[in-house]
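*Asks:* Could you have a look at this structure, given as structure tokens, before my questions?
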Amino acid sequence: MQRNAIFLALASFAMSCASGMGVPARAQEMPGDYQAALKVLARAGDYKDNVLKVSIPRNDLDVSIAGVAMPTPFGFGGWVAMARGDAGFDVLMGDLVLLQEEVNPVMSALLELGLDVTALHNHFFWEDPRISYMHIHGHGKAVDLARRIKPALDLIGHVVPAPAMRKSRPGAASLSVAETGKIAAIVGQQGEQLGPVYKITVGREDLTVKERGATINARMGVNTWAAFYGAGENAAVAGDFAMLENEVTPVLKSLRRNGLEIVAIHHHMTGVRPIVIFLHYWGRGPAEKLANGFRAALDQLGKSASRPPPKRK
């Protein structure tokens with residue numbers, strides 16, 4: 001009987017590991033600076049396996065997927081965590097569950113206080129309301145990190161949605177020749193007219209990106225672009241940035257400070273060196289203002305002393 005009990009216990013342990021449950025995290029006495037960080041955040045947290053973790057569940061949302069109501073633990077529980085790093089500094093990471101109207105205000109709050117946004121994507125299709133997931137990162141002392149992240153966390157659940165946009169095309173059918181000329185002058189490169197859309201594509205000639213011996217150039221997807229549509233005060237822009245890891249935060253800051261909204265941050269390729277990160281953005285407003293916003297972010301690329309800036313025709 002005793003042998004059977006041991007066997008059953010081992011089998012149960014193996015099944016829990018296989019199911020992803022693993023060994024429960026071991027509770028520990030929380031360090032004083034982590035207790036102070038929780039006071040700054042005004043949130044509860046726990047300290048296990050040398051990690052302080054704060055859950056940020058979206059209990060305020062009623063989420064359905066394909067018409068089926070889903071509970072918060074199904075995938076709508078955000079979090080932030082801290083662990084000890086080198087030289088007395090902590091590493092902060094997290095995954096925030098955000099409504100689409102919360103994404104860019106929360107991102108701006110993080111960036112302006114020195115934290116990084118490392119990914120932005122979806123986890124579901126057909127969810128209502130639409131949900132985005134934002135991964136964040138930072139280094140510093142625990143209490144300082146708490147002070148820097150608190151304004152962003154305080155926005156969650158408190159961003160007033162913008163009025164629904166009218167279902168109409170922005171501005172005129174296409175930009176005039178004079179307007180596209182101004183955009184090209186601002187960006188520093190001519191674009192091409194694709195029906196009613198004026199598109200400028202900037203390759204990363206400053207980078208040599210390789211994968212299994214092949215050079216992955218602009219025609220293979222290592223490029224930055226902006227597509228303009230509409231005219232006058234009611235134009236629209238959408239596009240993509242190809243960035244090195246150390247360029248992501250400067251580009252994000254520049255786009256947000258110029259009123260352009262970030263839609264996604266992710267990889268397009270695996271196995272390439274150097275690693276290239278891509279972000280997608282969009283915005284509406286006067287065409288020249290949109291072009292200036294794009295150019296300001298474009299100027300953040302290639303700033304490393306070892307590389308020339310991206311080539312523009």
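*Asks:* How large is Rg over Rh for the stretch 24-129, taking Rg from the Cα atoms and Rh as the Kirkwood inverse mean of 1/r across Cα pairs?
*Replies:* 1.01
*Asks:* Turning to a different aspect of this structure: Which FRET efficiency value, to the nearest 0.05, is calculated for Phe74 and Val40 with the Förster distance at 35 angstrom and r the Cβ-Cβ distance?
*Replies:* It comes out at approximately 0.70.
*Asks:* Just to be sure I understand the model, the point goes 7 Å from the Cα along the line to the Cβ. What's the resulting Asp154 to Lys48 distance in nm?
*Replies:* For the pair Asp154/Lys48, the computed spacing is 3.0 nm.
*Asks:* So for the stretch 116-244, what are the equivalent ellipsoid semi-axes in whole Å, largest first, each being the square root of 5 times an eigenvalue of the Cα gyration tensor?
*Replies:* Semi-axes from the Cα gyration tensor: 33, 26, 16 Å.
*Asks:* Hey, if you drop one equal point scatterer on each alpha-carbon of the stretch 177-298 and run the Debye formula without solvent, what base-10 log of I(q)/I(0) do you get at q = 0.12, 0.21 Å⁻¹?
*Replies:* -0.43, -1.16
*Asks:* Let me ask something else about it. Counting other Cβ atoms within 10 Å, which trypsin sites (Lys or Arg not before Pro) in the stretch 52-141 have at most 16 and lie in a DSSP loop?
*Replies:* Within the stretch 52-141, the qualifying trypsin sites (Lys or Arg not before Pro) (loop, at most 16 other Cβ atoms within 10 Å) are Arg130, Lys141.
*Asks:* Restricting attention to the stretch 191-285, which GluC sites (Glu not before Pro) occupy a DSSP loop and are surrounded by at most 14 other Cβ atoms within 10 Å?
*Replies:* When the GluC sites (Glu not before Pro) of the stretch 191-285 are filtered for loop state and at most 14 Cβ neighbours within 10 Å, Glu233 remain.
*Asks:* Starting from the 7 Å offset along Cα-to-Cβ, what nm value, one decimal, do you get for the label separation of Glu245 and Trp282?
*Replies:* About 3.1 nm, to one decimal.
*Asks:* Taking loop as defined by DSSP and a crowding limit of 11 other beta carbons within 10 Å, which chymotrypsin sites (Phe, Trp or Tyr not before Pro) in the stretch 95-126 fit?
*Replies:* In loop regions of the stretch 95-126 (DSSP not H, G, I, E or B), the sparsely surrounded chymotrypsin sites (Phe, Trp or Tyr not before Pro) are Phe125, Trp126.
*Asks:* List every residue whose amide H lies under 5 Å from the amide H of Lys210, counting only residues 5 or more places away in sequence or on a different chain, with H placed 1.01 Å from N in the peptide plane.
*Replies:* Ile216, Arg273
*Asks:* Go ahead and collect, in residue order, the members of the stretch 96-129 whose backbone nitrogen is under 14 Å from a label point 7 Å along the Cα-Cβ direction of Glu261.
*Replies:* 99-108
Every read-out reported here was derived from the displayed coordinates using simple, explicitly stated rules and does not represent laboratory data. Since the model is a prediction, treat every value here as computed from it, not as a measurement. Positions of Cβ are backbone-derived with ideal geometry, glycine not excepted, and every protein chain shown enters the neighbour counts.
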